Each structure stands twice: as structure tokens, then as C-alpha cells.
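Reviewing the structure listed below.
The values are calculated or read from the model by the stated rules, or taken from the named source; none is laboratory data. For clarity, every value in this text was computed on a predicted model and none was experimentally measured. For neighbour counting, all protein chains shown are included, and Cβ atoms are generated from backbone atoms with ideal geometry for every residue, glycine included.
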Amino acid sequence: MSKLVVYMSMSLDGFIAAEGDDAPGRGLGVGGEPLHAWMAEGGEHGRGVNAGVLEEMMTSGAVIVGRRSFELANEWSGDHHDGVPIFVLTRQLPDHPAPGVAQYVTGIESTVAKAKAAAAAGDRDVMMHGAELVRALLAVGLVDELVISLVPVLLGRGRRLFDELPGEMRQLRLVESLDGEGVLHLRYQVC
């Protein structure tokens with residue numbers, strides 16, 4: 001059965017983007033690039049822990065993303081990776097269609113069901129992007145796992161993943177810890 005997995009790089013002080021993350025192509029904010037530096041090791045011919053985590057991310061069978069994150073990433077030119085379906089969750093459908101394999105959708109539960117069905121066809125998991133989206137899905141109990149790539153940098157300001165979590169406290173269980181080059185990858189199961 002497909003799982004809904006959050007993959008997020010985060011600074012030691014809890015930020016997933018530095019300040020100034022409000023313009024297309026600047027999703028990590030001004031000075032937030034160190035958050036994704038670990039992915040360079042995991043490039044096309046990378047080896048080691050970081051490459052393994054990146055490879056796992058890229059074997060997901062579908063992507064759910066919030067509209068803000070999608071637009072800040074320049075819509076990934078319509079393809080996040082390997083042509084897998086991209087479900088862009090939005091409060092209001094735009095007048096234009098999403099590019100490539102992406103589609104705009106509304107409704108949290110129905111979007112998760114569609115993404116899981118698409119990913120399950122290949123016996124793969126669903127990857128998620130977007131802080132607001134993650135908080136919303138955590139609030140309704142739909143997130144199965146969190147993979148936090150903890151980067152040893154203090155950004156001081158920016159966008160936090162876990163600010164203003166709605167709902168009740170959620171228990172997490174650490175199921176894996178991998179020490180990569182310049183990053184600690186922590187996998188939590190949401191209980």
C-alpha cells in the first residue's frame with residue numbers, strides 16, 4: 001500500500017526556507033541554498049547515503065504539492081521526475097490548466113486518494129512538498145512518514161515547517177537515522 005511521505009530539508013533551527021522565499025525560482029529564500037546542498041552528492045551518478053535518500057525520493061510514484069510551492073518552483077516545467085502525476089492542491093482552481101503532467105485539484109482527502117491510487121499502480125509512495133500542505137495533512141492524520149534532512153545551519157529567520165500546527169499533538173516514532181555528508185536524514189513514522 002502506498003504511503004504519504006514528506007521529504008523536507010530543514011535547518012537546525014527549524015526553517016525549510018530562508019526569508020525572501022516569495023518569488024518564482026527563489027523557493028529556498030535568500031541564503032537558503034545550503035538546505036539542498038546535500039543533494040549535490042546525490043546527483044545522477046552520486047553514491048553514499050545522500051544519493052540513496054535522493055534516489056528514494058525520486059522513486060515516488062506521485063507528487064502532491066501546494067500551489068504556492070509549485071509556483072515558486074517554476075512549476076517544475078510540468079514534470080517533477082520521470083513523468084509521475086503531480087497533484088497541485090489549491091483552494092481555487094485557476095483559469096488555465098497546469099503544465100505537463102501536473103493537474104490542479106481541490107479537496108485534501110480526494111487528492112490524497114488520487115495520488116495514492118496513481119502511486120500504487122507502480123507499488124510506490126507519494127511524495128509531498130509545501131509547508132502549509134504538510135501541516136494541513138498532519139492535522140487530518142493523512143501523513144504516514146516524515147523524512148527530515150536536518151542540515152547543520154542556523155538560518156535565523158524564514159519559513160518553518162511546523163509553525164502553527166492545527167489539531168492535536170501527534171506522536172512520531174524514529175524508524176531510521178542516516179548520517180550523510182553534511183546532513184542527518186531522520187525518518188519518522190507518524191503514530
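Structure summary
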item	result
Flag for residue 93 being touching a residue at least 12 places away in the same chain (Cβ under 8 Å) and over 15 Å from the mean Cα position of the chain (by Cα)	yes
Of residues in the range 143-153 being touching a strand residue (DSSP E or B) at 6+ places or on another chain (Cβ under 6 Å) and part of a loop (DSSP other than H, G, I, E, B), the one farthest from residue 108 (Cα to Cα)	153
From 168, 164, 132, residue being closer than 22 Å to residue 12 by Cα, modelled with pLDDT under 95 and in a loop (DSSP other than H, G, I, E, B)	164
Residue within the range 171-179 that is in contact (Cβ under 8 Å) with a residue 40 or more places away in the chain and either surrounded by 12 or more Cβ atoms within 10 Å (Cβ to Cβ) or over 24 Å from residue 55 (Cβ atoms) (or both) present	yes
Per-region count, the range 101-121, residues exposed (fewer than 14 other Cβ atoms within 10 Å of the Cβ) and either in a helix (DSSP H, G or I) or not hydroxyl-bearing (Ser, Thr, Tyr) (or both)	5
Residue 32, sole failed condition from (1) surrounded by fewer than 17 Cβ atoms within 10 Å (Cβ to Cβ); (2) closer than 19 Å to residue 180 by Cβ; (3) at pLDDT 90 or above; (4) not aliphatic (A, V, I, L, M)	(1)
Qualifying positions in the range 54-89 - of a type outside the set (A, V, I, L, M, F, W, C), assigned to a loop (DSSP other than H, G, I, E, B) and surrounded by fewer than 17 Cβ atoms within 10 Å (Cβ to Cβ)	59, 79, 81, 82, 83
